[in-house]
Amino acid sequence: MLIIMRLDSSRIDIDRVKTKVKELNCTPHEIPGSSKLAIGITGMMQFLKEEDFQMLPSVSEVLRVTKKFKLVSREMKSDDTVIKFDDSSIGGNVLQIIAGPCSVESYDQTFEIAHELKEMGIQFFRAGAYKPRSSPYSFQGLKEKGLEILADIKSQLGLKIVTEAMNSNSLNSILEVADIIQIGARNMQNYSLLEEVGASMKPIFLKRGMSATVEDLLLSAEYIASQNNFNIILCERGIRTFETSTRNTLDLNSVPVIKQWSHLPVFVDPSHGVGIWDKVSPMALAAIASGADGLMIEVHNHPAKALSDGYQSLTPKRFNKLLKKITLLSSIVDREFLYEK
Ligand code: PEP
Ligand code: MN
């Protein structure tokens, strides 16, 4: 349920509505960044009646939200969510790129790639220190040592860090370095982890599970939003289908569907979506044409030597070529894109 308040509502009137929601054993959420003054209600709402709120002062409308997910739905908030960082933003009209290697492998490897990306104007650097690998015998990441390298990248190059949290054990040290916490496909439905990272109030990059529907993805985002953390970026990264010619099937249908159903920004990760480097750029461009708010791209200085996902990684040179094409495309899709080098 969504309570639309009059724009000139007093704090007393807003608090009165919130108190009433709590009396009915539900949770009120003031929806941030909305052009309307709105209070979303979550919880067991079967006993809630519109009349409970319609008569309260300053309430202008009471709406039922029809989707299973509530706080992340467009019904709850019609304007796009924009996540603000000190000198950049994600969502709204801006196209943003998150780039970097799959894993932090060494100090030199990470710095070399980060330097090249910074030169190209990239602001968000991705690299995993804790790696969820399909095989227990594959490289599992440098862990704490990897986080130390990322902390140096952040302080020396001023890049914002996107890195994955796999469980709560390492979360505190990840929170110290990450500007955005990635929740990977394998953990999309780890609901206790979602609540925990949600409560940290950090921006969360939530990747779609391999066999998750769009509704499943949005319900997972709802777990984060239920902690009053609306700084969520959704990511389409390919799903499992019968097709074997590519690593996954990049479901670009999901982009306009999510944009219609949710106010959250949507990114596409064509690197994991196709899994083959020479298919990454065409699908990256297709993702932007489909309405994505940004891309996550794996970039490696020596793909053949990478300890994870080398085959799907672009070299910095190839990545730079892609950036030039994105610049051209951005004017066609009427998006602001800042890398014009
Ligand atoms: C990654 O981003 O390197 C990764 C492991 O992604 P996913 O969770 O989408 O497989
Ligand atoms: Mn990877």
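Bear in mind these aren't lab numbers, they're just calculated from the coordinates by the rules spelled out. Computed from a prediction, not measured in an experiment: that's the story for all the values here. So basically every Cβ, Gly included, is an ideal-geometry build from the backbone, and we count neighbours across all protein chains shown.
Listing for the model above:
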quantity	calculated
Output for the stretch 264-282, where each listed residue is within 14 Å of ligand 1 (Cβ to nearest atom) and part of a helix (DSSP H, G or I)	P270, S271, H272, G273, V274, V280
Selection from the stretch 319-341 of residues that are in a helix (DSSP H, G or I), surrounded by 14 or more Cβ atoms within 10 Å (Cβ to Cβ) and in contact with a helix residue (DSSP H, G or I) (Cβ under 9 Å, 6 or more places away or on another chain)	F319, N320, L322, K325, I326, L329, S330
Spans of strands (runs of 3 or more DSSP E) in the stretch 18-111 with at least 2 residues in contact (Cβ under 8 Å) with a residue 12 or more places away in the chain and within 16 Å of ligand 1 (Cβ to nearest atom)	96-100
Positions within the stretch 195-227 being under 18 Å from F85 (Cα atoms) and assigned to a loop (DSSP other than H, G, I, E, B), in sequence order	S200, M201, K202, P203
Checking V197 against (1) within 16 Å of ligand 1 (Cβ to nearest atom); (2) within 20 Å of G310 (Cα to Cα), the condition it does not meet	(2)
Qualifying residue in the stretch 210-218 (condition: touching a Ser or Thr at 6+ places or on another chain (Cβ under 6 Å), more than 21 Å from A99 (Cα to Cα), surrounded by 18 or more Cβ atoms within 10 Å (Cβ to Cβ) and of a type in the set (V, I, T))	yes
Residue within the stretch 273-296 that is in contact with a Cys (Cβ under 9 Å, 6 or more places away or on another chain) and within 12 Å of ligand 2 (Cβ to nearest atom) present	yes
Residue count, the stretch 129-164 (criterion: out of contact with any Phe, Trp or Tyr (no Cβ under 7 Å at 6 or more places or on another chain) and surrounded by 19 or more Cβ atoms within 10 Å (Cβ to Cβ))	7
